[in-house]
1. Cβ-Cβ below 9 Å, separation at least six or inter-chain, first residue in segment 35-49 and touching a residue at least 12 places away in the same chain (Cβ under 8 Å), second of a type in the set (Ser, Thr, Tyr) and in a loop (DSSP other than H, G, I, E, B): which pairs?
2. How many residues, within segment 1-41, are under 16 Å from Gln54 (Cα atoms) and among the β-branched types (Val, Ile, Thr)?
3. Check Asp71, Asp23, Asp40 and return the single one that is on the phi < 0 side of the Ramachandran plot, loosely packed, with under 14 Cβ neighbours inside 10 Å and either modelled with pLDDT under 85 or of a type in the set (Gly, Ala, Ser) (or both).
4. How about segment 8-32: which of its residues are without any contact (Cβ under 8 Å) to a residue 12 or more places away in the chain and more than 17 Å from Asp57 (Cα to Cα)?
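The values are calculated or read from the model by the stated rules, or taken from the named source; none is laboratory data. Bear in mind the structure is a predicted one, so any value in this text is a computation, not a measurement. Cβ placement follows ideal geometry from the backbone for every residue including glycine, while neighbour counts extend to all protein chains displayed.
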Amino acid sequence: AIARALLLDPLVLILDEATSAVDTQTEAEIIKAIDQLFADRTRLLISHRSETLQGADVVLELIGGYLIPQDRSAQRG
């Protein structure tokens with residue numbers, strides 16, 4: 001799916017659990033590559049792993065059917 005996205009060159013990239021089948025180190029490398037390749041694009045990452053979202057500008061958590069914004073300021077420093 002990621003290779004297909006590279007070919008299509010979308011304005012918005014949506015990745016739903018795209019790295020769930022790999023270990024955390026490989027996942028970090030994939031996310032870093034995605035960040036570099038799609039730096040000028042909007043990226044929507046859907047993940048159960050909080051580590052996947054560490055570099056995100058905005059994090060929304062689905063709670064009881066509602067999207068709840070999460071405060072990232074404490075985590076970013």
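1. Listed pairs, sorted by first residue: Leu45/Thr19; Ser47/Thr19; Ser47/Ser20; His48/Ser20; Arg49/Thr19; Arg49/Ser20.
2. 6
3. Values: Asp23 fails: either modelled with pLDDT under 85 or of a type in the set (Gly, Ala, Ser) (or both); Asp40 fails: either modelled with pLDDT under 85 or of a type in the set (Gly, Ala, Ser) (or both).
None of the other options fit; the residue is Asp71.
4. Kept after step one, since they are without any contact (Cβ under 8 Å) to a residue 12 or more places away in the chain, are these residues of segment 8-32: 8-9, 21-23, 25-26, 29, 32.
Those that are without any contact (Cβ under 8 Å) to a residue 12 or more places away in the chain and more than 17 Å from Asp57 (Cα to Cα): Leu8, Asp9, Ala21, Val22, Asp23, Gln25, Thr26, Glu29.
Residue by residue, here is whether (1) under 16 Å from Leu6 (Cα atoms); (2) among the polar types (S, T, N, Q); (3) not in a strand (DSSP E or B) holds:
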| site | (1), (2), (3) |
| --- | --- |
| Gln25 | no, yes, yes |
| Ile30 | yes, no, yes |
| Asp35 | yes, no, yes |
| Asp40 | yes, no, yes |
| Arg43 | yes, no, no |
| His48 | no, no, yes |
| Glu51 | no, no, yes |
